[in-house]
Amino acid sequence: MAMRIVPHWINGGRVEGAGERRLPVWDPATGEQQAAVVAATDAEVRAAVQAALDAQPKWRAASLSRRAEVMFRFRDLVDSGRKEIATLLSAEHGKTVADAAGEVARGLENAEFAAGAPHLLKGGYSEQAATGVDVYSIRQPLGVVAGITPFNFPAMVPMWMFCNALVAGNAFVLKPSEKDPSVSLLLADLLRRAGLPDGAFNVVQGDKSAVDALIADPDVRALSFVGSTPVARAIYEAGTRAGKRVQALGGAKNHMVVLPDADVDAAADAAVSAGYGSAGERCMAVSVVVAVGSAGDALVPAIASRLGKIRVGPASDPDAEMGPLITREHRDRVASYLSAGELVVDGRDHPATDGPGFFLGPSLVDNVDVGSTLYTDEIFGPVLSVVRVETYDEALKLVNDNPYGNGTAIFTRDGGAARRFQYDAVCGMVGVNVPIPVPVAYYSFGGWKASLFGDLHMYGPEGLQFYTRTKVVTSRWPTEPPKIKSETTSEVDLGFPKVR
């Protein structure tokens, strides 16, 4: 049986790759290769950018109502195709279909936000800023913009980017992860069916070489990226050096602080959901539980008692709650962290690891040393570390001293402590009795410190700001009746313009 080849999407249709390098797409549940990506050549990246460049003026000229209508139609197509998108996503990523459906739902929120974006694309107007002079500001698109997205959310994260970029009048080039690339093509076809002009959205498959080509292309005006911190930093530095606007979201080490007065069952449920959902492969996963005072004595056994009830298996198992990791290499890397530490539950012993696929069971480590790699590294897998401290101030110091600043959470019944924590925590997103504080689509997503490179967060109002630039117009129109030519006078004034 011939290997399935994943194509590009350029100028409104699928384009077979002409390059020589092939990148494997694995089935994480079986460990077998299911497809191959032909890595884009520099010429193919250029063809995608050129298609976007050619399409953007016409798309920009479309009315705001027309652009919003396309987003609304796209929203309806995604909504009606949830099952198809989730099934395809699950087959390549490995997450359960239910988890994939949740991802599609959160991505859908961004299409809904974009359909209402004309309200936020309004400028401002000042009448009579000076005598007979009016001043107004308008928002205009940047032109051609690009998105580089990770494997862990192949539907949601692209929608974080292109929904706002397109409704603002830009054309978009997407470089999805080569590990699960097919969802990008399905989204491209839905945009076409929604009425987006050919060339306004393009997909180039590949790896770092395609990213480098996008960074080097002078017609790409902005780059959005989500991935690891080292790569985010490199893309930010290279992109800004090339004169582009860049937002690059990096890694995380999210702490969930549990005070002694917290509801133990609620905190344990939250820690399990946030620590092991999507096999821990998400930048907003809780990877560290900080148990304050006596909180850990009841909390650790409560978490451990829940782990044996998590059904680990392939997406084909309708009862599975947690799937495999994305590749064998990543699974082995995550498992390597468990060779040291006070193991309460060892995921390497889970029955799912005996079969094919890249499975690792949920793991729990207690009394983690903050100097160990278990604590310092972004593990990005189903490993939950518990750090015990005596006081709230020690817990806060752990959160604030950490080089990452994506998200954090506190579990407590004390409103004053919660209020103090949201005020003091040096993080971009804070949850109060909410373990994964991912904002709704009409706010914006992004961390602080080494979790974000750039000034603007992703999606929501800041997303629209990122994909537009402001132009200010100062105008004067004659207000007196026109004079006959012989009465016309002129005046030259080399002084600074006056407003009074």
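The values are calculated or read from the model by the stated rules, or taken from the named source; none is laboratory data. These numbers were taken from a predicted model, which means no experiment stands behind them. All Cβ positions, glycine included, derive from the backbone under ideal geometry; neighbour counts span all protein chains shown.
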Report summary line: Subset of segment 403-417, residues outside any strand (DSSP E or B) and touching a Phe, Trp or Tyr at 6+ places or on another chain (Cβ under 9 Å), comes to Asn406, Thr412, Ala417
Requested in this report: Might you check whether a residue that is assigned to a strand (DSSP E or B) and either more than 27 Å from Gln128 (Cα to Cα) or at pLDDT below 95 (or both) occurs anywhere in segment 477-493?
Outcome: no
Report task. Identify all residues within segment 114-133 that are part of a strand (DSSP E or B) and aliphatic (A, V, I, L, M); write none if there are none. Result -> Ala129, Ala130, Val133
Report task. Considering every residue within segment 114-134, establish whether at least one is touching a Pro at 6+ places or on another chain (Cβ under 7 Å), over 27 Å from Asn11 (Cα atoms) and in the same structural domain as Arg21 (by TED's automatic domain parsing). Result -> yes
Requested in this report: Could you tell me which residue of segment 418-444 is farthest from the chain's Cα centre (by Cα), considering only residues that are outside any loop (DSSP other than H, G, I, E, B) and among the β-branched types (Val, Ile, Thr)?
Outcome: Val432
Query raised in the report: What do you reckon, is Lys244 charged (D, E, K, R) and surrounded by fewer than 24 Cβ atoms within 10 Å (Cβ to Cβ)?
Result: yes
Report task. Output the residues belonging to segment 291-338 that are closer than 20 Å to Ala91 by Cβ, among the aliphatic types (A, V, I, L, M) and assigned to a loop (DSSP other than H, G, I, E, B). Result -> Ala315, Ala320, Leu325, Ile326
Query raised in the report: Taking segment 103-122 on its own, how many of its residues are more than 11 Å from Leu464 (Cβ to Cβ), buried (at least 20 other Cβ atoms within 10 Å of the Cβ) and small (Gly, Ala, Ser)?
Result: 3
Query raised in the report: Is it the case that Ala232 is small (Gly, Ala, Ser), modelled with pLDDT of 95 or more and farther than 30 Å from Thr353 by Cβ?
Result: yes
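Yes/no matrix, rows are residues, columns are (1) basic (Lys, Arg); (2) touching a strand residue (DSSP E or B) at 6+ places or on another chain (Cβ under 7 Å); (3) buried (at least 18 other Cβ atoms within 10 Å of the Cβ):
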{"position": "Tyr125", "(1), (2), (3)": "no, yes, no"}
{"position": "Tyr136", "(1), (2), (3)": "no, yes, no"}
{"position": "Val157", "(1), (2), (3)": "no, yes, yes"}
{"position": "Gly169", "(1), (2), (3)": "no, yes, yes"}
{"position": "Val173", "(1), (2), (3)": "no, yes, yes"}
{"position": "Asp198", "(1), (2), (3)": "no, no, no"}
{"position": "Val204", "(1), (2), (3)": "no, yes, yes"}
{"position": "Asp207", "(1), (2), (3)": "no, yes, no"}
Query raised in the report: Does segment 116-129 contain at least one residue that is over 30 Å from Ile5 (Cα atoms), at pLDDT 95 or above and among the hydroxyl-bearing types (Ser, Thr, Tyr)?
Result: yes
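Every residue, every condition in (1) under 17 Å from the mean Cα position of the chain (by Cα); (2) without any contact (Cβ under 8 Å) to a residue 60 or more places away in the chain; (3) more than 22 Å from Gly428 (Cα to Cα), yes or no:
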position	(1), (2), (3)
Leu196	no, no, yes
Gly199	no, no, yes
Pro218	no, yes, yes
Leu223	yes, no, no
Pro230	yes, yes, no
Ala234	no, yes, no
Glu281	yes, no, no
Val289	no, no, no
Requested in this report: For Met256, work out the one condition from (1) more than 26 Å from Ala320 (Cα to Cα); (2) in contact with a Pro (Cβ under 7 Å, 6 or more places away or on another chain) it doesn't fulfil.
Outcome: (1)
Query raised in the report: List the pairs whose first member sits in segment 166-189 and is farther than 18 Å from Phe74 by Cα and without any contact (Cβ under 8 Å) to a residue 40 or more places away in the chain, whose second member is outside any helix (DSSP H, G or I) and among the hydroxyl-bearing types (Ser, Thr, Tyr), and whose Cβ atoms are under 6 Å apart, counting only residues at least 6 apart or on separate chains?
Result: Pro176/Thr149
Report task. Kindly state which strands (runs of 3 or more DSSP E) lie completely within segment 341-395 and contain at least 1 residues that are modelled with pLDDT under 95. Result -> 342-345
Query raised in the report: For segment 141-223, list the strands (runs of 3 or more DSSP E) that sit wholly inside it and hold at least 3 residues that are touching a Ser or Thr at 6+ places or on another chain (Cβ under 6 Å) and either in the same structural domain as Gly280 (by TED's automatic domain parsing) or at pLDDT 95 or above (or both); which are they?
Result: none
